[in-house]
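A short reminder: the numbers here are calculations on the coordinates, not readings from a lab. Only a predicted model underlies this, so the values are computations on that prediction, with no experimental measurement involved. Backbone-built Cβ (ideal geometry, glycine too); neighbour counts: all protein chains shown.
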Amino acid sequence: MREVFDFSLEAIKPDRQEVLRLQGIAPHIKPSKRIIALLDEAMEIFMNAANPVGIFSEVTVSKFWDIYKGQGKNEADTPLEHIFPRAEYLALFAFSLGIKISKKIEDLFQKKEFPLGAMLDALASSSAERAVHIAERKYFDFVSAKTNNSKSKVALLYSPGYCGWHISAQKKLFEYLCPEEVGISLNSSFLMIPLKSVSGVLIFGNKEIHVFTNNYLFCSHCQDKSCKQRINMIKK
Ligand code: SF4
């Protein structure tokens, strides 16, 4: 099954508080008038320039082994290699906010309009994060509808470049998914064009398969430990 996801702009509209947090402004601090004006301006640009689109394509566990291995550069042991073999359903996924918004951010930095450029960049990152949650929910609903069995299940996205899964695995992921159809391509450094894009594998299965201890060798260099938050969320 292969499908282009429909994302409404309203649904992925960034949360203002989250954007301010990404800009280093804690929730208890009242932002200045200048910051509020920048946020309003960036939000207006975002709503006019963002053109969200996503695509997913289901894949079997055995096919995914090949994609996961990529160019053989993964860490020796990763959480993902213990998770996906226990999945019930898998789908390759890519999402983008479109070329216009990425160009707008680049232009602002080139013109040295750093405050507005940084605000728009934070807005786009927050929006892409929202889109991931929506995609996880959509894939969960899609599988639940066909299997009639969603009790204690969840769908979560895992991306190349994180948690020991080497970024070069993007190449095989793109060869299978072909997201060029919706305007997403890869450059020679395995970065996605447009820049404000996300890719990975959506994994549907029992909640427990996504629970692990983050004591892998590479975890000591990890700043955000975002796995903790995800694991706490699914345990609720
Ligand atoms: S600590 Fe960081 S690197 Fe380790 S699994 Fe969690 S998110 Fe990934």
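Would you be able to say whether some residue in the range 179-199 is under 19 Å from the mean Cα position of the chain (by Cα), within 15 Å of the ligand (Cβ to nearest atom) and under 27 Å from residue 127 (Cβ atoms)?
Within the range 179-199 (the criterion being under 19 Å from the mean Cα position of the chain (by Cα), within 15 Å of the ligand (Cβ to nearest atom) and under 27 Å from residue 127 (Cβ atoms)), the answer is no, since none of the residues qualifies.
I'm trying to understand the selection: among the residues of the range 200-215, which are more than 17 Å from the chain's Cα centre (by Cα) and either more than 16 Å from the ligand (Cβ to nearest atom) or within 26 Å of residue 140 (Cβ to Cβ) (or both)?
205, 206, 207, 208, 209, 211, 212, 213, 214
Which residue is surrounded by the most Cβ atoms within 10 Å (Cβ to Cβ), if the candidates are limited to the range 19-38 and must be within 19 Å of the chain's Cα centre (by Cα) and closer than 17 Å to residue 101 by Cβ?
Per the stated criteria, the residue is 19.
Checking the condition basic (Lys, Arg) and crowded, with 18+ Cβ neighbours inside 10 Å, which residue from 225, 172 passes?
None of the others qualify; the one that does is 172.
List every residue pair whose Cβ atoms lie under 7 Å apart, where the two residues are 6 or more positions apart in sequence or sit on different chains, the first residue falls within the range 219-236 and is without any contact (Cβ under 8 Å) to a residue 12 or more places away in the chain and closer than 18 Å to residue 165 by Cα, and the second residue, located anywhere, is of a type outside the set (Phe, Trp, Tyr) and within 8 Å of the ligand (Cβ to nearest atom).
If the second residue must be of a type outside the set (Phe, Trp, Tyr) and within 8 Å of the ligand (Cβ to nearest atom), the pairs left are 225/214.
Could you grab the pairs with beta carbons closer than 8 Å, sequence gap of 6+ or different chains, first residue in the range 144-164 and under 21 Å from residue 174 (Cβ atoms) and free of Cβ contacts under 8 Å to residues at least 60 places away in the same chain, second one assigned to a loop (DSSP other than H, G, I, E, B) and more than 16 Å from the ligand (Cβ to nearest atom)?
Pairs found: 161/190.
Just checking, does the range 120-131 include any residue being surrounded by 14 or more Cβ atoms within 10 Å (Cβ to Cβ) and within 22 Å of residue 211 (Cβ to Cβ)?
Yes, because at least one residue in the range 120-131 is surrounded by 14 or more Cβ atoms within 10 Å (Cβ to Cβ) and within 22 Å of residue 211 (Cβ to Cβ).
Say we look at the range 70-113 and pick out the residues that are away from the ligand (no atom under 16 Å from the Cβ) and among the acidic types (Asp, Glu); which of these is farthest from residue 161 (Cα to Cα)?
Looking at residues that are away from the ligand (no atom under 16 Å from the Cβ) and among the acidic types (Asp, Glu), I get 113.
Considering every residue within the range 51-58, establish whether at least one is crowded, with 16+ Cβ neighbours inside 10 Å, assigned to a helix (DSSP H, G or I), under 21 Å from the mean Cα position of the chain (by Cα) and of a type in the set (Asp, Glu).
no
If you check 190, 212, which single one turns out to be over 23 Å from residue 63 (Cα atoms), in a loop (DSSP other than H, G, I, E, B) and not polar (S, T, N, Q)?
The match here is 212.
Within the range 4-14, which residues are in contact (Cβ under 8 Å) with a residue 60 or more places away in the chain and surrounded by 14 or more Cβ atoms within 10 Å (Cβ to Cβ)?
Those that are in contact (Cβ under 8 Å) with a residue 60 or more places away in the chain and surrounded by 14 or more Cβ atoms within 10 Å (Cβ to Cβ): 5, 7, 12, 13, 14.
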